[in-house]
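To keep things clear, I will list the structure first and then write my remarks on it.
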Amino acid sequence: MSQTLQQIISAHAGKPDELLVVAEQLMDHYQAIPIAALELMQQSLGLTATEIQSILSFYHYPVTDKAVKCHVEVCGALSCHLKSSDDVLKRLCRTLNVTPGQVSDDGRLLVAKVECLSDCDRAPALHINGQRVSAADLDAVVKRIHEVLA
Amino acid sequence: MRPLPTPVLIGNPPVIGAGQLRDYYLGYPFNALQKAVSLSPTEIIAELKASGLRGRGGAAYPIGLKWESVMNQPEPMRYVVANGEEGEPGTFKDRILLERNPLAVIEAMIIAAYTVNAREGYIYLNHSYREIAQALEQLLHWLREDHRLGDKILNWQCNFDIQVRRGRQRYISGEETALFRALEGRRAEPSSRPPYPTEQGLWHKPTVINNIETLSCVPLIIEKGGKWFAALGPEGSHGPKLYSLTGDIQHPGVYESTMDASLRDLIEWAGGMTGKFKGAFLSGPSGRLCLPDDLDQPLTVQNCCGNGTVIVFNDTRCAADLARHITDFFFAEHCGQCLPGRESMKQAKSLMDNLERQTSLAPMQKRYGALHVLLQNSSKCGLCSSGTRMAPALMQAFPEDFSRHFQGKCAVCGSRV
């Protein structure tokens, strides 16, 4: 188990109320929740597997055994819907040959529709690893994704 | 065109992401905080009451009453929470505020802590506000170094500190009691009221929870006086208000005005519509449908301006597509905790999914409307009842858009047959 994973989780040892803090830190670092983190969270935070799965699934955290390198979030909320975010998502997934919400076959890319990134003035909103990216030029978005994956 | 008023809340240029944070911190006067600690908590609450400030997150509860209620609780442990979840589609005013004047929020939280004798505070942010969270952490660090946070701060000789938390995208997390559960590391499932957050909030202790915009108003009130604030805007809708404007508009953005501004004013300030105005969602898809006849009504609390979100749509938009999208959103985002919410949202989604199999609108409109009433009367929180308000309103206003779908063809949005 990687040292960073242990460091992130053990920093909150004995504090079950900080599960979501841990989850956000894992997302920031790994772009998804590594499956290996679940058991360590049980031990460190004193929560059962059921409790952890119940909470993580409620918040739609992606849990995977793959090493996701690039997490693309495409906002599907109303202001972005009016700016054809559905079309952006479809075209992006077709170009990258991925299914929305599922980690790619090589385990490195996740493209997901999310609800409200609060970037409504820059609709359609699109984030790559938490960074705002303009969706006006999809070729540029795809290029940026390949740069992250490289 | 009515001139856009000079802003008082978002007059600063952005300081986050612009490399200006340290200069901004060093130049911030903390006048309101210095004045606040020379007043008694009762005097502070009197100013807030005199200001007429109502919550800017949508519920419009008077802030003076809220803080007073917490102050008067017998339980000694109290909390202060800033709600920056901002999950309502079309809403980003709090992001703009935090990018331009984050210290106003922190200053307000310290004033709140002084008033209600709280020891711990939390700023809960939308998941995507990473850069804002980092900047807030830096500001809090500098504040601790300068003894404006932490142990025995200011003349107050009491302890108060603030933590920043980001929450995953779940719309329901913006509901106060659900937000408390998220801070506690649990599923963001709302609680029944009573008890109210002022009585049993975070960790079931009395809690002041206010929207970011609401808190941003507090330093202005303390520094300039409640009467000054109350003089801005019409009766019952005092003070400046931020409107997040998006949709079929030339220049989407946040516009600040007093609440006597109309929808027409906002649209003009934003450079006009793209296309012809058909309607707008006031306070987002959970709010109120505005039609052309409503263009000149003032966007007041009484007229349900809510959180000030305005999503405008033009005459190329299909109301059935909008109703379907809104239903899908609330179906996906409801927490599933209560039976009325779970079953009603399932049925609402089924009605919209089967739109093209209907032969007339009236039975569908009646059924959807009945679900909304049922939810108003029996669901645990207001999410699902708010979420089922807009589709019947769209059916009422634009029956022809739905009728196109009954015929199996909608040239506007495409239909799912």
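The values are calculated or read from the model by the stated rules, or taken from the named source; none is laboratory data. None of these values were measured; they are calculated from a predicted model. A quick note on method: Cβ atoms are made from the backbone with ideal geometry, for glycine too, and the neighbour counts reach across all protein chains shown. Accessible surface is based on the protein model in full, side chains and every heavy atom, while ligands, DNA and RNA are left aside. Shrake-Rupley method; radii C 1.70, N 1.55, O 1.52, S 1.80 Å.
Of the residues in segment B:196-216, how many are away from chain A (no Cβ under 14 Å) and over 17 Å from B:T300 (Cα atoms)? Looking only at that region, the number is 13. Is at least one residue of segment A:43-56 within 18 Å of A:I8 (Cα to Cα), part of a helix (DSSP H, G or I) and more than 14 Å from chain B (Cβ to nearest Cβ)? Yes, segment A:43-56 contains a residue that is within 18 Å of A:I8 (Cα to Cα), part of a helix (DSSP H, G or I) and more than 14 Å from chain B (Cβ to nearest Cβ).
For segment B:160-187, the tally of residues that are of a type in the set (A, V, I, L, M) and within 7 Å of chain A (Cβ to nearest Cβ) stands at 1.
Any residue at all in segment B:292-307 that is under 23 Å from B:G87 (Cα atoms), within 14 Å of another protein chain (Cβ to nearest Cβ) and under 22 Å from the mean Cα position of the chain (by Cα)? There is at least one residue in segment B:292-307 that is under 23 Å from B:G87 (Cα atoms), within 14 Å of another protein chain (Cβ to nearest Cβ) and under 22 Å from the mean Cα position of the chain (by Cα).
So, in segment B:192-225, of the ones that are of a type in the set (S, T, Y) and either open to solvent by 40 Å² or more (accessible area, probe 1.4 Å) or in a strand (DSSP E or B) (or both), which residue ends up modelled with the lowest pLDDT?
Step one: of segment B:192-225, the residues of a type in the set (S, T, Y) are B:192, B:196, B:198, B:207, B:214, B:216.
Adding the requirement that they be either open to solvent by 40 Å² or more (accessible area, probe 1.4 Å) or in a strand (DSSP E or B) (or both) leaves B:192, B:196, B:207.
Values: B:S192: 90, B:Y196: 96, B:T207: 98.
In this case the residue turns out to be B:S192.
In segment B:266-289, the residue that is most open to solvent (accessible area, probe 1.4 Å) out of those that are at negative phi and among the hydroxyl-bearing types (S, T, Y) is B:T274. Return yes or no: is A:H29 touching a residue at least 12 places away in the same chain (Cβ under 8 Å) and assigned to a strand (DSSP E or B)? Taking the combined requirement at face value, the residue does not satisfy it. Hey, can you tell me all the residues within segment A:44-86 that are in contact (Cβ under 8 Å) with a residue 40 or more places away in the chain and polar (S, T, N, Q)? Once the filter is applied, which keeps residues that are in contact (Cβ under 8 Å) with a residue 40 or more places away in the chain and polar (S, T, N, Q), segment A:44-86 yields A:T64, A:S79, A:S84, A:S85.
Within segment B:30-41, residues that are under 16 Å from B:L215 (Cβ atoms) sit with their Cβ atoms under 7 Å from residues that are among the β-branched types (V, I, T) and at pLDDT 95 or above, at 6+ positions apart or across chains, in these pairs: B:A32/B:I111; B:A32/B:I222; B:L33/B:I110; B:L33/B:I111; B:A36/B:I44; B:A36/B:I111; B:A36/B:I222.
Tell me which residues, restricted to segment B:201-213, are in contact with a helix residue (DSSP H, G or I) (Cβ under 9 Å, 6 or more places away or on another chain) and of a type outside the set (G, A, S). Talk me through it step by step, then tell me what you get.
Step one: filter segment B:201-213 for residues in contact with a helix residue (DSSP H, G or I) (Cβ under 9 Å, 6 or more places away or on another chain), giving B:201-204, B:206-213.
Within segment B:201-213, B:L202, B:W203, B:H204, B:P206, B:T207, B:V208, B:I209, B:N210, B:N211, B:I212, B:E213 qualify.
May I ask you to list the residues in segment B:329-346 that are assigned to a helix (DSSP H, G or I), surrounded by fewer than 17 Cβ atoms within 10 Å (Cβ to Cβ) and not basic (K, R)? Result: B:A332, B:L339, B:E343.
Tell me whether segment B:149-156 contains one or more residues that are surrounded by fewer than 22 Cβ atoms within 10 Å (Cβ to Cβ) and at the interface with chain A (Cβ under 10 Å from one of its Cβ atoms).
So the first thing to find is which residues in segment B:149-156 are surrounded by fewer than 22 Cβ atoms within 10 Å (Cβ to Cβ), and the list is B:150-152, B:154-156.
Still in the running and at the interface with chain A (Cβ under 10 Å from one of its Cβ atoms): none.
No, the conditions are met nowhere in segment B:149-156.
Of all residues in segment B:290-311, count the ones that are surrounded by fewer than 23 Cβ atoms within 10 Å (Cβ to Cβ), among the aliphatic types (A, V, I, L, M) and within 17 Å of B:P240 (Cβ to Cβ). Residues meeting the conditions: 1.
The single condition among (1) touching a helix residue (DSSP H, G or I) at 6+ places or on another chain (Cβ under 7 Å); (2) without any contact (Cβ under 8 Å) to a residue 60 or more places away in the chain; (3) open to solvent by 20 Å² or more (accessible area, probe 1.4 Å); (4) away from every other protein chain (no Cβ under 14 Å) that B:L263 does not meet is (3). Applying the condition of being in contact (Cβ under 8 Å) with a residue 12 or more places away in the chain and assigned to a helix (DSSP H, G or I) to segment B:143-152 and asking which residue is farthest from B:I96 (Cα to Cα) yields B:R144.
Restricted to segment B:231-255, and to residues that are in a strand (DSSP E or B) and away from chain A (no Cβ under 14 Å), which residue is farthest from the chain's Cα centre (by Cα)?
From segment B:231-255, those in a strand (DSSP E or B) are B:240-247, B:249, B:253-255; that's our starting set.
Filter again for away from chain A (no Cβ under 14 Å), leaving B:240-241.
On the way: B:P240: 15, B:K241: 11 Å.
Out of the qualifying residues, it is B:P240.
Is one or more of the residues making up segment A:87-99 without any contact (Cβ under 8 Å) to a residue 40 or more places away in the chain, out of contact with any strand residue (DSSP E or B) (no Cβ under 7 Å at 6 or more places or on another chain), within 12 Å of another protein chain (Cβ to nearest Cβ) and surrounded by fewer than 18 Cβ atoms within 10 Å (Cβ to Cβ)? Yes, some residue in segment A:87-99 is without any contact (Cβ under 8 Å) to a residue 40 or more places away in the chain, out of contact with any strand residue (DSSP E or B) (no Cβ under 7 Å at 6 or more places or on another chain), within 12 Å of another protein chain (Cβ to nearest Cβ) and surrounded by fewer than 18 Cβ atoms within 10 Å (Cβ to Cβ). One residue stands out in segment B:19-43 among those that are of a type outside the set (S, T, Y) and outside any helix (DSSP H, G or I): the one that is surrounded by the most Cβ atoms within 10 Å (Cβ to Cβ), namely B:F30. Just so you know, in segment B:119-133 the residues that are of a type in the set (S, T, Y) and under 16 Å from B:L202 (Cα atoms) include one that is nearest to the chain's Cα centre (by Cα), and it is B:Y124. Residue check: is A:L82 in contact with a Phe, Trp or Tyr (Cβ under 7 Å, 6 or more places away or on another chain) and over 29 Å from A:S2 (Cβ atoms)? Yes, satisfied. When each of B:Q376, B:Q396, B:Q407 is tested for being open to solvent by 50 Å² or more (accessible area, probe 1.4 Å), modelled with pLDDT of 95 or more, out of contact with any Phe, Trp or Tyr (no Cβ under 8 Å at 6 or more places or on another chain) and not β-branched (V, I, T), the lone residue that passes is B:Q396.
Of the residues that make up segment B:104-118, is at least one out of contact with any helix residue (DSSP H, G or I) (no Cβ under 9 Å at 6 or more places or on another chain) and either within 14 Å of another protein chain (Cβ to nearest Cβ) or of a type in the set (A, V, I, L, M, F, W, C) (or both)?
Pass one, segment B:104-118, residues out of contact with any helix residue (DSSP H, G or I) (no Cβ under 9 Å at 6 or more places or on another chain): B:113.
From the residues that got through so far, the ones that are either within 14 Å of another protein chain (Cβ to nearest Cβ) or of a type in the set (A, V, I, L, M, F, W, C) (or both) too are B:113.
Within segment B:104-118, one or more residues are out of contact with any helix residue (DSSP H, G or I) (no Cβ under 9 Å at 6 or more places or on another chain) and either within 14 Å of another protein chain (Cβ to nearest Cβ) or of a type in the set (A, V, I, L, M, F, W, C) (or both).
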